[in-house]
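Everything below concerns the one structure shown next.
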4 protein chains.
Amino acid sequence: MTFHIDGTDKTVIAGGVRIGGGNVPVRIAGPCAVESRKQIMEIAEIVKKAGAEFLRGGVFKPRTSPYDFQGLGWEGLEYLKEAGEKTGLPIVTEVLDPYHIDRLVGQIDLIQIGSRNMHNYALLKAVGETGKPVMLKRGMSATIREWILAAEYLAASGNGEIILCERGIRTFSDYTRNTLDLSAVPIMKKETGLPVVVDPSHGTGLRELVVPMSKAALACGADGIMVEVHNNPEKALSDGPQSLMETGYRKLVSDTEMFMVKKKV
Amino acid sequence: MTFHIDGTDKTVIAGGVRIGGGNVPVRIAGPCAVESRKQIMEIAEIVKKAGAEFLRGGVFKPRTSPYDFQGLGWEGLEYLKEAGEKTGLPIVTEVLDPYHIDRLVGQIDLIQIGSRNMHNYALLKAVGETGKPVMLKRGMSATIREWILAAEYLAASGNGEIILCERGIRTFSDYTRNTLDLSAVPIMKKETGLPVVVDPSHGTGLRELVVPMSKAALACGADGIMVEVHNNPEKALSDGPQSLMETGYRKLVSDTEMFMVKKKV
Amino acid sequence: MTFHIDGTDKTVIAGGVRIGGGNVPVRIAGPCAVESRKQIMEIAEIVKKAGAEFLRGGVFKPRTSPYDFQGLGWEGLEYLKEAGEKTGLPIVTEVLDPYHIDRLVGQIDLIQIGSRNMHNYALLKAVGETGKPVMLKRGMSATIREWILAAEYLAASGNGEIILCERGIRTFSDYTRNTLDLSAVPIMKKETGLPVVVDPSHGTGLRELVVPMSKAALACGADGIMVEVHNNPEKALSDGPQSLMETGYRKLVSDTEMFMVKKKV
Amino acid sequence: MTFHIDGTDKTVIAGGVRIGGGNVPVRIAGPCAVESRKQIMEIAEIVKKAGAEFLRGGVFKPRTSPYDFQGLGWEGLEYLKEAGEKTGLPIVTEVLDPYHIDRLVGQIDLIQIGSRNMHNYALLKAVGETGKPVMLKRGMSATIREWILAAEYLAASGNGEIILCERGIRTFSDYTRNTLDLSAVPIMKKETGLPVVVDPSHGTGLRELVVPMSKAALACGADGIMVEVHNNPEKALSDGPQSLMETGYRKLVSDTEMFMVKKKV
């Protein structure tokens, strides 16, 4: 079997921004969920001013409980798009449902497949067929091999524009929400050649760990950092405790500036 | 929030067979995947004769690699149905894709949601809307709470006909394919009241452990045992090493006979 | 390398009681820690009357915090011995410190090495040299291979009188204190031939799970069950929530009676 | 209860070198085990020349199998001391057995307690009584709280000269030997104030990951890096695959030079 993903160094271009392949690492930031027009517009301004290259925001949210806030859906997408256009930031959002792909794909710059769906092969195949740049998060207990093969599902369906995202794995450890496995950065770079982004917000679940873990991620070769930023974390409908406020995000940007350089590949 | 699933003891009826609620435990058996008409017909005869109440067989298979056998699809379903009709056994198969539900649901007796899709809320909602008896496998690293809430997704979408299936969790342990967590049987019985079936084939990955783990599962209250049986495990297209042969399955049935009694609830 | 432990079926005799080798499973019961003369005398009477074959009780306790009750030490041993003599039950207690071995070994019937010390090779070697029957608990994240090799440390030091004890492993699961890995029972029986005892008290941490997990353990071949029993769990200095009261222990004994038979080997 | 370890920033001085408290990170390097006089002398020269501040080398080795090389014992200590004196490097070695402490403690600069013994409270107490600078490795499945409390055992016995060492935890992940949990660096710094060293050699088990993980560790605040270096990894009696050769260690030193600065605390 010849794999599509063979370790060759790859640059993905999404929303006009180059990711991986030795390019300057990218910063993806925004709220866990789009909660209102006002909220996403404010946060978009914050992250744009601080120096982000992408705006993230969930519109369909995969929540553990059916009774938790499930996202604003298509209405949220309108707000996210408006915020992206206003700030000039390309937008990233997650897709949960194969039925949503056709409508979603033309409206966003980077499509995200979340941890809970890394093993959802029907979704992988459907997203693979779009050819749209896609960020594939690691499943919460996915081995390196399973993660590579999930990416291969996308590639085998015709989509090679893949970015990987390490977001912490499930272990016995109970201080953090997940255990951020940074060894996955150099491993996946070597095994796949694809860009690897790190999400220290989900990876730790604790705001105070986002800056040190971002630095660590970039130090070992990450091609980008995705973090949750909120204008009012205490009232956030999801993931408040792991979201940075404006000051925190500015500090993150300034503390990681030393890593914002082209890498030789 | 009032949960639909509240611990009240529940009997699910699928294909005319009563599961849970203190009824005699059920035996679900069959191959990992339907591989041919001949194969499923032979295996159906074997498990029927030995004493199974349900015939299982995958027609759409969620495989870690996109290059592994993905199941026979709708053709496989025809064979499975024929085998079910011939032997009089109700049939169980897994659904992976929301697009398949409508076509699948009327043709089978019990719909299975696999481990990889326990967190696939789009699929849970869609299956929930059918009202069809459904067996929800535990995600490979799902906590008890997450598993309960996944069931609640089904219930909240209108489907209370839920059977739970413990199939092993992912741990550091490397002797077995998964670590069968039998404490989940009494825990889920108490927390949900729903029938709980155990799958020692996936739970251990080793044929020789299927009989002892089946006995253990029934001893602590399982409402059923689902095992993989193959007529030629060495040539099986998937899960050969954990599949029982005819003799093995007969031994399982006879060794667990002492547990095949009504329980007081 | 020829291993001392080679899978040959083994009976260990401790305090005159035969364990393993197809003999009737044994019941080891008693408090987590000896807390007072009165406490251990009362509990010894309870478990003796109910049907236990061994009395357990910690005198040196390995506690996670240095500020938690560390056991009564040698004074506790005197009480334990007295309780054993009064009831005629052989006694089991844990050794933590190589310096204690000489003094301890002649006074007890079965020496226990706890989970925290399974990898403590200095202790294993020292206990190995005594030739005293020893119960080796599985380390909290020990693989099957590591556990076998820890037993081999004992055997290589001259002590083949080894009983293994599965007591739960550490996983992501947070409902129970540990995840009881019952597949270890048939696996260790086959790989080592040694008697395997199960400790559902530590294995689950929840009193209500002790009976179902004891039944499951015996159903899959355990040679014994070790459970914590306390006369006043709410005031217990350690492990109260997982300790059975007199009624609970009586129920355990009666619910597991069906498994109290000789097994063919 | 007032804890001895209360988060106050702490500098430990071992062999005249200051560790933690905002000082320049230290480099500890050397073979897994002292194998011969020649081997340790050569490696000592290599790591000294490259820029290490400490020489490590096991003389008593805690091996999973009793039949693997167990270290040269006291003879090995003589070689290690000689290598330390020749190069002027302070020496670090592990203690396994309370009986060895008295003889060992005056001859070395920093005493190590290994992962397998983090829960060995008899050893912790005995080492605590010496007052000798000690490096406490995290147990392979120790939670943050358990690790803190193990350090508290040392402190409560009178020894506050504690350095912590993150060396990877045991998870389902099978690509690496362990999962290096770098979030433990900022967490333990905050919770204890003690110096935190990272061991990427055991943390990953793969030579190629040692450099990127060292960079990541230092980027998130580690006070030191401990790595295995061997002059002939292919013939190493233990841990060959994770040991760096001379060139690799020189690269590590040069690639991490940017982090070799005083930190404000």
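The values are calculated or read from the model by the stated rules, or taken from the named source; none is laboratory data. Computed from a prediction, not measured in an experiment: that's the story for all the values here. All Cβ positions, glycine included, derive from the backbone under ideal geometry; neighbour counts span all protein chains shown.
Cβ-Cβ contacts under 6 Å between residues 6 or more apart (or on different chains), taken from a first residue in region A:199-216 that is more than 7 Å from chain D (Cβ to nearest Cβ) to a second residue that is among the charged types (D, E, K, R), are listed as A:Asp199/A:Arg167; A:Ser201/A:Glu228; A:His202/A:Arg167; A:Gly203/A:Arg167; A:Gly205/A:Arg177; A:Val211/A:Asp255.
Which ones in region D:54-82 are under 13 Å from D:Gln107 (Cα atoms) and either in a loop (DSSP other than H, G, I, E, B) or of a type outside the set (D, E, K, R) (or both)? Correct list: D:Val59, D:Trp74, D:Gly76, D:Leu77, D:Tyr79, D:Leu80.
May I ask you to verify whether B:Ala126 is more than 24 Å from B:Thr11 (Cα to Cα), in a helix (DSSP H, G or I), within 14 Å of chain A (Cβ to nearest Cβ) and without any contact (Cβ under 8 Å) to a residue 40 or more places away in the chain? Considered against the rule, which asks whether it is more than 24 Å from B:Thr11 (Cα to Cα), in a helix (DSSP H, G or I), within 14 Å of chain A (Cβ to nearest Cβ) and without any contact (Cβ under 8 Å) to a residue 40 or more places away in the chain, B:Ala126 comes out as no. Filtered by the rule that a residue be assigned to a helix (DSSP H, G or I) and more than 11 Å from chain D (Cβ to nearest Cβ), region C:102-119 gives C:Asp102, C:Arg103, C:Leu104, C:Val105. Consider region D:24-43 and keep the residues that are over 20 Å from D:Glu94 (Cα atoms) and over 17 Å from the mean Cα position of the chain (by Cα). The one that is surrounded by the most Cβ atoms within 10 Å (Cβ to Cβ) is D:Glu42. Checked against (1) touching a Leu at 6+ places or on another chain (Cβ under 7 Å); (2) buried (at least 19 other Cβ atoms within 10 Å of the Cβ); (3) closer than 24 Å to D:Asn159 by Cβ, D:Ile108 passes all but condition (1). The single condition among (1) in a helix (DSSP H, G or I); (2) more than 9 Å from every other protein chain (Cβ to nearest Cβ); (3) in contact with a helix residue (DSSP H, G or I) (Cβ under 6 Å, 6 or more places away or on another chain); (4) of a type outside the set (Ser, Thr, Tyr) that A:Met188 does not meet is (3). The set of residues from region A:7-53 being in a strand (DSSP E or B), touching a residue at least 60 places away in the same chain (Cβ under 8 Å) and out of contact with any Phe, Trp or Tyr (no Cβ under 6 Å at 6 or more places or on another chain) comprises A:Thr11, A:Val12, A:Ile13, A:Ala14, A:Val17, A:Ile19, A:Gly20, A:Val26, A:Arg27, A:Ala29, A:Gly30, A:Ala33.
Hey, does region D:222-235 have a residue that's under 30 Å from B:Ile169 (Cβ atoms), in contact (Cβ under 8 Å) with a residue 12 or more places away in the chain and either outside any loop (DSSP other than H, G, I, E, B) or more than 17 Å from the chain's Cα centre (by Cα) (or both)? For region D:222-235, residues under 30 Å from B:Ile169 (Cβ atoms), in contact (Cβ under 8 Å) with a residue 12 or more places away in the chain and either outside any loop (DSSP other than H, G, I, E, B) or more than 17 Å from the chain's Cα centre (by Cα) (or both): absent.
Does D:Gly248 meet the test of being among the small types (Gly, Ala, Ser), modelled with pLDDT of 95 or more and part of a loop (DSSP other than H, G, I, E, B)? Judged against the criteria, D:Gly248 is not a match. Say whether the condition of being part of a helix (DSSP H, G or I), more than 14 Å from chain A (Cβ to nearest Cβ) and surrounded by fewer than 24 Cβ atoms within 10 Å (Cβ to Cβ) is met by at least one residue in region B:129-139. Yes.
Scanning region A:66-88 finds no residues that are crowded, with 22+ Cβ neighbours inside 10 Å, under 30 Å from B:Tyr67 (Cα atoms) and not polar (S, T, N, Q). Of the residues screened, B:Asp181 is one that is within 14 Å of chain C (Cβ to nearest Cβ), outside any helix (DSSP H, G or I) and touching a strand residue (DSSP E or B) at 6+ places or on another chain (Cβ under 7 Å). Do we have any residue at all in region D:221-230 that's surrounded by fewer than 24 Cβ atoms within 10 Å (Cβ to Cβ) and either over 30 Å from D:Pro66 (Cβ atoms) or modelled with pLDDT of 95 or more (or both)? Looking for residues that are surrounded by fewer than 24 Cβ atoms within 10 Å (Cβ to Cβ) and either over 30 Å from D:Pro66 (Cβ atoms) or modelled with pLDDT of 95 or more (or both), one finds at least one in region D:221-230, hence yes. Counting the residues of region D:1-28 that are touching a Leu at 6+ places or on another chain (Cβ under 7 Å) and within 27 Å of D:Val229 (Cα to Cα) gives 4.
Going through (1) within 8 Å of chain B (Cβ to nearest Cβ); (2) within 23 Å of A:Ser141 (Cβ to Cβ) one by one, A:Tyr99 falls short only on (2). Taken over region D:240-253, the criterion of being surrounded by fewer than 22 Cβ atoms within 10 Å (Cβ to Cβ), out of contact with any Gly (no Cβ under 8 Å at 6 or more places or on another chain) and touching a residue at least 60 places away in the same chain (Cβ under 8 Å) is satisfied by D:Glu246, D:Arg250. What do you reckon, is C:Leu89 over 30 Å from D:Ile144 (Cα atoms), in contact with a strand residue (DSSP E or B) (Cβ under 6 Å, 6 or more places away or on another chain) and assigned to a loop (DSSP other than H, G, I, E, B)? Taking the combined requirement at face value, the residue satisfies it.
In the set A:Ile101, A:Ile46, A:Ile144, A:Ile113, only one residue is surrounded by fewer than 19 Cβ atoms within 10 Å (Cβ to Cβ) and among the aliphatic types (A, V, I, L, M); that residue is A:Ile101. Any idea how many residues of region D:216-237 are in contact with a Gly (Cβ under 9 Å, 6 or more places away or on another chain) and among the β-branched types (Val, Ile, Thr)? Of the residues in that region, 2 qualify. Applying the condition of being surrounded by 22 or more Cβ atoms within 10 Å (Cβ to Cβ) and of a type in the set (A, V, I, L, M, F, W, C) to region A:156-176 and asking which residue is farthest from the other protein chains (Cβ to nearest Cβ) yields A:Ile163.
Residues that are within 27 Å of B:Ser65 (Cα to Cα) and of a type in the set (Gly, Ala, Ser) were ranked within region A:1-34; the one that is farthest from the other protein chains (Cβ to nearest Cβ) is A:Ala14. The conditions of being within 14 Å of chain B (Cβ to nearest Cβ) and out of contact with any Lys or Arg (no Cβ under 6 Å at 6 or more places or on another chain) are not met by C:Ser254.
Taken over region B:1-16, the residue count meeting the criterion of being surrounded by fewer than 16 Cβ atoms within 10 Å (Cβ to Cβ) and within 14 Å of B:Arg145 (Cα to Cα) is 2.
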